[in-house]
Structure formats: structure tokens, C-alpha cells
């Protein structure tokens with residue numbers, strides 16, 4: 001019987017290749033699970049990924065749209081951002097929701113823990129459902145040009161099915177929220 005909890009990788013040496021205020025890239029010389037030598041690059045994030053799905057009493061949610069530099073394309077997503085590792089994830093979720101939509105919420109539910117691309121990164125993400133919303137003013141960061149769209153949650157799911165929402169945290173979070181809310 002295979003022990004799925006045992007780490008079959010052996011690290012022979014490690015070297016930091018790149019570091020900035022958001023990420024660090026480390027190259028590891030390894031013995032892989034079959035005993036062969038190789039290299040493995042790992043991108044380590046300096047924040048947790050925090051996504052929020054605001055939902056009102058009518059089943060509407062809000063998406064944010066912005067141009068994503070790495071993809072060279074526009075992307076519709078749930079409100080999200082980075083939560084510092086030493087800050088409570090709920091506090092980060094509240095900040096991100098206010099920043100990107102202007103909303104505050106009375107009811108918060110952590111609905112998901114997610115690893116965004118676990119073959120190359122250790123990034124850990126969390127998705128919150130935010131309900132009992134109160135509107136307010138947005139507080140965009142100075143580097144952000146964001147558009148906000150109100151949409152019925154089942155219509156957001158249809159955008160996923162049409163490949164018009166492709167961000168992994170948004171797709172997973174919206175699908176789970178819709179299921180939990182009975183849509």
C-alpha cells in the first residue's frame with residue numbers, strides 16, 4: 001500500500017533565484033519520486049490570495065474587471081487581493097471588499113481554501129462569502145483601474161461556462177458559492 005502522506009522528493013540543494021516584495025523564486029536540485037536527479041522551481045508568494053463573493057438578498061454579486069499584465073488580456077473576477085501573511089485573513093477580506101467595491105458586509109463565511117497552481121507555487125488562497133451588504137465608496141490602490149459589474153449569481157456561473165471568467169479563484173469560488181446558496 002502506498003503512503004500518500006510521505007514526501008517522495010529529496011532536496012539536494014536550494015538557491016534563491018529572484019526576490020521582490022510580492023514573490024520569491026527558488027530553484028531546488030532534487031531527487032524526484034523515481035530517484036532521478038533534476039531541478040524544481042518554486043514561486044513563493046509573500047501574501048495569501050483572498051477572494052470575496054459579495055451576494056445581496058436578491059442573489060446578485062459583483063465582479064471586478066481589469067487588465068491583467070501577465071495574460072495580456074482583460075479579466076472579470078471576484079473582488080480579490082493579497083492578504084499579508086501576518087494579518088488575519090478575514091481582516092484582509094474585509095479590506096479588499098471595501099477597496100474594490102465599496103461594500104462592507106455584516107455576515108462573513110469562509111467557504112474555501114485553495115491552492116492556485118500547486119505544481120509551481122505554494123500560494124494559498126481563501127474565498128469568503130460576504131452577505132448583508134452596505135454600499136460605500138471604493139478605495140482603489142493607485143495602480144488599479146477597476147470596473148465593477150453587478151450580476152445575478154447564476155449569470156456569473158454562465159460566464160464561467162462560456163469561458164468568459166477564467167481566473168481560478170473566481171471560478172472555484174463562484175461555483176462553490178452558487179452551490180452553497182442553492183443556485
Original post:
Given 124, 131, which one is at pLDDT 95 or above, under 14 Å from residue 48 (Cα atoms) and not assigned by TED's automatic domain parsing to the domain that holds residue 25?
Top reply: 124
**OP:** Looking only at segment 60-70, decide whether some residue is farther than 18 Å from residue 148 by Cα and at pLDDT below 95.
**Re:** yes
**OP:** Hey, can you tell me all the residues within segment 18-38 that are part of a strand (DSSP E or B) and surrounded by 11 or more Cβ atoms within 10 Å (Cβ to Cβ)?
**Re:** 18, 19, 23, 24, 25, 26, 27, 28, 29, 30, 31, 38
Original post:
Yes or no: residue 51 surrounded by fewer than 18 Cβ atoms within 10 Å (Cβ to Cβ), touching a residue at least 12 places away in the same chain (Cβ under 8 Å) and either assigned to a loop (DSSP other than H, G, I, E, B) or in the same structural domain as residue 172 (by TED's automatic domain parsing) (or both)?
Top reply: no
Original post:
Which condition number does residue 119 fail, the rest of (1) surrounded by fewer than 16 Cβ atoms within 10 Å (Cβ to Cβ); (2) within 30 Å of residue 27 (Cα to Cα); (3) in contact with a strand residue (DSSP E or B) (Cβ under 7 Å, 6 or more places away or on another chain) being met?
Top reply: (3)
Original post:
Only one of (1) without any contact (Cβ under 8 Å) to a residue 40 or more places away in the chain; (2) within 29 Å of residue 154 (Cβ to Cβ) is not met by residue 59, so which one is it?
Top reply: (1)
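To keep it simple, each residue is scored yes or no on (1) buried (at least 17 other Cβ atoms within 10 Å of the Cβ); (2) over 14 Å from the mean Cα position of the chain (by Cα); (3) touching a residue at least 40 places away in the same chain (Cβ under 8 Å).
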position: 70; (1), (2), (3): no, yes, no
position: 100; (1), (2), (3): yes, yes, yes
position: 126; (1), (2), (3): yes, no, yes
position: 139; (1), (2), (3): no, yes, yes
Original post:
If you take the residues in segment 56-68 that are out of contact with any helix residue (DSSP H, G or I) (no Cβ under 6 Å at 6 or more places or on another chain) and within 20 Å of residue 125 (Cβ to Cβ), which one is surrounded by the most Cβ atoms within 10 Å (Cβ to Cβ)?
Top reply: 63
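The values are calculated or read from the model by the stated rules, or taken from the named source; none is laboratory data. Since the model is a prediction, treat every value here as computed from it, not as a measurement. Cβ: placed from backbone, ideal geometry, glycine included. Neighbour counts: every protein chain shown.
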